[in-house]
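Student: Take this structure, written in structure tokens, and hold onto it; I'll ask about it next.
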Amino acid sequence: MVYAMIIMSTHGTIWFHRYSTHRAYTFTNSFWRFITQNLVIKTFPEEIYVISHHVHHAKSDEPGDPYNAQAGLLYCMMSDVNHQSIADGLTESEYKKAFNYMRHTGVQLNNYKQYQKWGSVATPWYTISHWLLNWGFWYAAFFLIGGNGLACTAFSAAMFWFVLVRAFNYTGHGKGKENHKDGIDYDRSNLSINQTRPGTFSGEWHNNHHLYPESARAGFLPYQLDLAWVYIYCMYKLGAVATYRDDKKEFLAKYRKQ
């Protein structure tokens, strides 16, 4: 439960959400980017998360939003198999936009002709080899620590997160209803809300994030623990992160004036 609900969730915020999608911080070199990318057992391919998440921010709670909570829980739970795939008929200029969303991640990307052949942004050999190497490393690591039982438990936890994280797309936007609370949720342009468990366990203070999507920190208030920000800031102090954006002061000045 700790691996699934805290470690996997926090890594998702660090890698997929704040770096790969929103570029809220930068690494000093590709080595630290690779280490951060592979801190946990691999689940989502980057392109499925990153490109669909840009659509989510452009069309939050509107038709076309791949995480539209108003369409129901099942719609969100099935997001990666029914409406997050990369369209296979993009023009070259359209594909260039999708390509540019991914170029900073270190993932090896297809050119336009390769995309037309494979229907993906990432090259198939990279995706498959990366997955095999990541799974091989983590299975061996957990096996050496605690045998086959621990290794299977860790991979089960990763699968548990991989499936149930989709429910956050539903609950994180008020289950499709306006559930904003005064003094907690300041962005009323969409249905996103700040929730204690996702916020504390993974730094997903989601209403704050929609206010400042490019901020490396989303826990702006004193009680809003942000483990993803703790990792990013510690890596900055260690010299692994080169730059970051922190919008806490702007948030406090604009929304918490006394």
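The values are calculated or read from the model by the stated rules, or taken from the named source; none is laboratory data. Everything numeric in this text was worked out from a predicted model, so none of it was measured. We place every Cβ from the backbone using ideal geometry, glycine too, and count neighbours over all the protein chains shown.
Student: Got a number for residues in the range 191-218 being surrounded by 22 or more Cβ atoms within 10 Å (Cβ to Cβ) and not aliphatic (A, V, I, L, M)?
Tutor: Number satisfying all stated conditions: 14.
Student: Do we have any residue at all in the range 145-160 that's touching a helix residue (DSSP H, G or I) at 6+ places or on another chain (Cβ under 7 Å), of a type outside the set (A, V, I, L, M, F, W, C) and without any contact (Cβ under 8 Å) to a residue 60 or more places away in the chain?
Tutor: no
Student: Need a quick list: helices (runs of 4 or more DSSP H) entirely within the range 4-85 having at least 3 residues that are out of contact with any Asp or Glu (no Cβ under 7 Å at 6 or more places or on another chain) and farther than 22 Å from L133 by Cα.
Tutor: So the answer is 46-58, 73-77, 79-82.
Student: Which residues, taken from the range 28-72, are in contact with a strand residue (DSSP E or B) (Cβ under 6 Å, 6 or more places away or on another chain) and either crowded, with 21+ Cβ neighbours inside 10 Å or basic (K, R) (or both)?
Tutor: Hits for the range 28-72 are R33, E47.
Student: Examine the range 144-161 for a residue that is small (G, A, S), on the phi > 0 side of the Ramachandran plot and surrounded by fewer than 21 Cβ atoms within 10 Å (Cβ to Cβ), and state whether such a residue exists.
Tutor: Scanning the range 144-161, I find at least one residue that is small (G, A, S), on the phi > 0 side of the Ramachandran plot and surrounded by fewer than 21 Cβ atoms within 10 Å (Cβ to Cβ), so the answer is yes.
Student: Could you check W205 against (1) touching an Asp or Glu at 6+ places or on another chain (Cβ under 8 Å); (2) among the aromatic types (F, W, Y); (3) modelled with pLDDT under 95 and say which number it fails?
Tutor: Going through (1) touching an Asp or Glu at 6+ places or on another chain (Cβ under 8 Å); (2) among the aromatic types (F, W, Y); (3) modelled with pLDDT under 95 one by one, W205 breaks only (3).
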